[in-house]
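One structure below.
The values are calculated or read from the model by the stated rules, or taken from the named source; none is laboratory data. Every value quoted in this text rests on a predicted model; they were computed, and no experiment measured them. Here the Cβ is made from the backbone with ideal geometry for all residues, glycine too, and neighbour counts use every protein chain on show.
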Amino acid sequence: MSTVLDSHWVVVPQVAAMRETVYGVRTHYTHAGRGEPVVLVHGGGPGSSGLSGWANMIPELARRYEVFAIDLIGAGFTDKPRVEYSFQTQVNHVAGFIDTLNLGSVRMVGNSQGAYVAIKYVLDHPGRVKSAALISTGTLAKAMGLSDDGKAAPLPRFDGTRESLESFMSLIVNDPSKLTKELIDSRFEAASTPGHREMMESLDTYRKVMQSDPNQRQVYDVKARLPMLTLPWCMIWGAADRTAPLDPLGHRMHALFPNIPFHVVEGSGHQVQNDKPEECNRLVMSFFEAN
């Protein structure tokens, strides 16, 4: 039986950016299934969105859960206000989204930058989350003070062309057969929406500022807080991830948290949920069913 995917918008009010600006954000998300709520948080890059990041996982999760794949502020088909973007802006947007939909206690899955956003939401709102699964996240590893030793491949810069988007996608998804025309079309449409490139430029500025501004860095840093987390969480890592390499980032994260389930998916790149969807889905479903 096929899974019905619904496209929705909701206005998320009073989401605070890093500065003291408050704004309402018309938020797009993909919805499917019935049951306990699961919120999926996509990664970064040109044209990222809930559906393009999670199209291969949503139907599987929707067999048991009610799935909400959010388009983060400035990404996908969500509003792109002119604010100072940061990872915390995205965390606050997710918090407003969960509150607006009154989801109660949720499970979360995040990939890459979205895995950091998901676990930072967990740390900020531990009573609102049952469990979390994190997929290949150099952003979180660096928030733990870890280095990739210069082994991470640099991300191609998106210049507004389809070719530059294809170059980016070829770096985060290792299996060319998974880079379908539909996936590229979807991401290019989202990447071409007004305000998207400005959001990406604002995030790039934030990353640079964070290197020299201790106030920004301490908001991002989770070295002291993540080891104190008691709710169940797990990590899934692509063995052939080129942008957040398993060696050293994944192995170093595992060494920091040896009691947290850590799964290596052979042959997969950065987007395990798209490179190896069957194995990734099995791991996430098994983890949620046990926790």
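Structure notes:
- A Cβ distance below 7 Å, combined with a sequence gap of six or more or placement on separate chains, defines the contacts here; from the range 79-92, residues that are over 18 Å from residue 191 (Cβ atoms) reach residues that are of a type outside the set (Gly, Ala, Ser) and part of a loop (DSSP other than H, G, I, E, B) in the pairs 83/21; 84/18; 84/19; 86/18; 88/18; 89/18; 89/73; 89/83.
- Residue check for residue 153: small (Gly, Ala, Ser) and not in a helix (DSSP H, G or I): yes
- Residue satisfying all of: in the range 20-67; in a strand (DSSP E or B) and β-branched (Val, Ile, Thr); surrounded by the most Cβ atoms within 10 Å (Cβ to Cβ) among these: 41
- Neighbours by Cβ (under 7 Å, 6+ apart or cross-chain): first from the range 216-231, over 20 Å from residue 109 (Cβ atoms) and surrounded by 10 or more Cβ atoms within 10 Å (Cβ to Cβ); second modelled with pLDDT of 95 or more and aromatic (Phe, Trp, Tyr): 220/87
- The range 234-259 residues that are closer than 16 Å to residue 175 by Cα and free of Cβ contacts under 8 Å to residues at least 60 places away in the same chain, paired with ones that are in a loop (DSSP other than H, G, I, E, B) and among the polar types (S, T, N, Q) (beta carbon under 7 Å, 6 or more apart): 239/268
- Qualifying position, being at pLDDT 95 or above, under 27 Å from residue 82 (Cα atoms) and of a type in the set (Ser, Thr, Tyr), among 147, 164, 170: 164
- Annotation note: of 272, 284, the sole residue that is within 15 Å of residue 109 (Cβ to Cβ) and out of contact with any Phe, Trp or Tyr (no Cβ under 8 Å at 6 or more places or on another chain) is 284.
- Out of 200, 285, one residue alone is in contact (Cβ under 8 Å) with a residue 24 or more places away in the chain and in contact with a Gly (Cβ under 9 Å, 6 or more places away or on another chain). It is 200.
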